[in-house]
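Following: one structure in structure tokens, then a few remarks.
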Amino acid sequence: MKVIKRDGKTTDFDGSKIFTAIQKANESVDFEDRITDAQITAIVDDISSRHRARLLVEDIQDMVEEKLMELQKYQLMKSYILYRYERALVRKANTTDESILSLIRNSNKEVMEENSNKNARTASTQRDLIAGEVSKDLTRRILLPEYISKAHDEGAIHFHDADYFLQPIFNCCLINIEDMLENGTVMNGKMIESPKSFQVACTIVTQIIASVASSQYGGQSVNIAHLGKYLRRTKEKYMKQCNEQLGDEVSQEEKEKIVNMRLKDELRAGVQTIQYQINTLMTTNGQSPFVTLFLYLKPDDPYIEENAMIIEEILRQRYQGIKNEVGVYVTPAFPKLIYVLDENNCLKGGKYDYLTRLAVKCSSKRLYPDYISAKKMRENYEGNVFSPMGCRSFLSPWKDENGNYKFEGRFNQGVVSLNLPQIGILARGDEDKFWKLMEERLQLCYDALMVRHNALMGVSSDVSPIHWQYGAIARLQKGEKIDKYLLNGYSTISLGYIGLYEVTKLMKGVSHTAPEGLEFALRVMKCMRDHCEKWKKETGIGFGLYGTPAESLCYRFARIDKERFGTIKDVTDKGYYTNSYHVDVREHIDAFSKFKFESQFQQISSGGAISYVEIPNMRHNLTAMEDVVKFIYDNIQYAEFNTKSDYCQVCGYDGEIMINDNYEWECPVCHNKDQRKMNVTRRTCGYLGENFWNVGKTKEIKARVLHL
């Protein structure tokens, strides 16, 4: 039997510790209120005989108190409670020493590998991780109500981003880049005026991104369409210079050639500035900014031609890649790219189909961009097309005082996720029990989300001037409260969920792709969505149902449930739960059917959702990929591609990467063993999620490889 300590660590059950604790309480009461050593042993034996795979420390202490009550030893029970309280005070004095020291020693694998965007060995990143450990500790012990902390530790829910909860900052946002470029901004106390050229605009955008990313967690999204104006300004500037310098000596046609040549050079340099700055800048969080570029040719955009040129250059540079430390072109992690399919570029004879073919070619080599269907998005969001925050979290439509829809300059307050399979395990096929538990767990999520919301209420704009005073979100006065942006649906707050496939399997015995399973799965989804709508109506806060909140959470929930409930076929035996509403990777389903099936869940999960399919050998399957992209436009709002190609980002090796004698992935050319710098096929079970192999835990890798 394993015991989960208050800091989340697991240890073996040790009955002697219970014996000692009761003995100490025994010694502090009068003789007639004591119990014998035999009675203490009986209590310990009763607890140890329950044969539960996993117990929280608090559960054990509750069991002791129940037994003392049965024996009617009330004074002893009070003494034991006092002993617990005194021990709690000792624990509250300091609980982070070991986790922080292990970070400095580079031995805290769980924290070091939690975020692939952070190099935990550098001093600047370690500072952020150390602060995160302190924040998680204070959040668990002090800031969260005890019942919410317990629910998080038991895996009933997941309170996301506790490592930043100590600070009054929010999750992700759509930067109001149009306002900041047009009206200027302030960074580090310095005025940044509206740019007069494309390259300066690109430089300012990257500076804004770095400043914004340093004062929040989660991702930031930028709509590239706002740069078209500055590319036109550059062209007009060059034409004016040509006319002034060359006069009538050169024909207008020759001037156009000169201007276009100079314009292309500036376009290339500006896009390269964005790419290189984002990949080389380091925020105060100790990582590169988590940036998404939104590539959308809006039909009525007056700068659509300029924006088509910008998107083309972005795709070309992403296809080429960026050189690593040894000079090999590799796929950069950022910026993420999202390409919008509309009537003018959906590969049905549109003017900009050439850009979509370039996007598909880029996806075949670099996996990005992802694809949004403007057609389906308009159906789901009151006729609007807009970028997700980061790369997956979507806002709800919101109108300003003039009745105009607004999306940029809005944000997400945070996320709490629900473990659906655990509810199914506890219900044991009983639907009445399931819906009762579902109601209880959703109430837990609501309470936890309100903790997040209330932590931001009353915050002053001074906490992050770039967000609240200088345009990224608002232009408030110094000292002004941000409260109005937390209410009336302006910002969102998200209910995430994991494991719709597994909970359906537990309750109906079939996948949610089967008719009986689908009916149940849709009821579960609508239940969560209805609760979000009810909470929004009651509070005025923008609750949203958010699919795909975190791939690593799929493992955490599955690990906790396996330790507690044992191995359950098609549920805990896989080592992971399926993300949100996704079809299990082991089901045989073609790309078109998968997208068509999952689209119905995206419509319900309006606070965020993304679906993916795997295309083998993508670089040689461009025609097939184009067919899938056409299908995306008509059938699903948001989708991405995955592939089965191995790839080493250190040396550029593009072949099969194998496991060495130490059960580590190792490139056969440069012998790179850092999984963060390689793409590895999950050949053993076909799973396509992230963080499957626990780098550094070689015994666990070996066990999983041999088992699967």
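Each label was represented as a point 7 Å from its Cα along the Cα-to-Cβ direction; for Val186 and Met450 these points are 3.7 nm apart.
Taking every DSSP helix (H) stretch of at least 4 residues in the chain, weighting each as -39,500 (n - 2.57) and dividing the sum by the residue count yields a mean residue ellipticity at 222 nm of -15000 deg cm²/dmol.
Expressed as a whole percent, the accessible area of the chain that falls on carbon and sulfur atoms is 49 (1.4 Å probe). Against the criterion of solvent-accessible heavy-atom surface with a 1.4 angstrom probe, Glu146, Glu313 sort, most first, into Glu146, Glu313. Taking 0.36 nm per residue of separation and subtracting the current Cα-Cα distance, fully stretching the chain between Val510 and Ala269 would add 81.3 nm. Within the chain, DSSP assigns beta bridges of which about 45% are antiparallel (rounded to the nearest 5). Farthest towards the positive end of the charge dipole of the chain, among the residues Met678, Tyr633, Tyr446, is the Cα of Met678, using unit charges on the Cβ of Lys, Arg, Asp and Glu. For the stretch 361-449, the number of Lys pairs separated by eight or more positions or lying on different chains, with C-alpha atoms closer than 23 Å, is 5. The largest accessible area among Leu143, Leu518, Leu337 belongs to the first residue in Leu143, Leu518, Leu337, and the rest follow in falling order (1.4 Å probe, all chains). Across q = 0.12 Å⁻¹, the stretch 261-413 modelled as identical point scatterers on its alpha-carbon atoms has Debye log10 I(q)/I(0) values of -0.58, in the order of the q list. Solvent-accessible area of Thr513, all protein chains in place: 50 Å² (probe radius 1.4 Å, heavy atoms, ligands and nucleic acids excluded).
Cα centroids of the stretch 400-419 and the stretch 213-281: how far apart, whole angstrom? A separation of 32 Å, based on Cα centres.
Here's the picture: charge each Lys and Arg Cβ at +1 and each Asp and Glu Cβ at -1 in the chain, and of Gly184, Leu456, Val271 the one pushed furthest to the positive end of that dipole is Val271. In the distance distribution for the chain, Cα-Cα pairs more than 44 Å apart total 27 percent. Note on His582: accessible area approximately 10 square angstrom, rounded to 10, probe 1.4 Å, nucleic acids and ligands left out. Placing Leu444, Leu166, Leu355 in order of accessible area, with the largest value first and a 1.4 Å probe, yields Leu166, Leu444, Leu355. In a simple Cβ point-charge model (Lys, Arg +1; Asp, Glu -1; nothing else charged), the chain has a dipole of about 620 debye relative to its Cα centre.
In the full protein context, the chain carries 43 Å² of accessible surface per residue, based on a 1.4 Å probe and ignoring ligands, DNA and RNA. The length gained by stretching the chain between Leu487 and Glu538 to full extension, at 0.36 nm per residue less their Cα-Cα distance, is 17.2 nm. Relative to the dominant Cα principal axis of the chain, helix 515-539 is inclined by about 90°. To the nearest 10 degrees, how steeply does helix 123-138 sit against the main Cα axis of the chain, on a 0 to 90 scale? With rounding to tens, the tilt is 40 degrees.
The values are calculated or read from the model by the stated rules, or taken from the named source; none is laboratory data. What you see is a predicted model; the values in this text were computed from it and never measured. Using ideal geometry, Cβ is built from the backbone for each residue, glycine included, and neighbour counts are taken over all protein chains shown. Accessible surface is based on the protein model in full, side chains and every heavy atom, while ligands, DNA and RNA are left aside. Shrake-Rupley method; radii C 1.70, N 1.55, O 1.52, S 1.80 Å.
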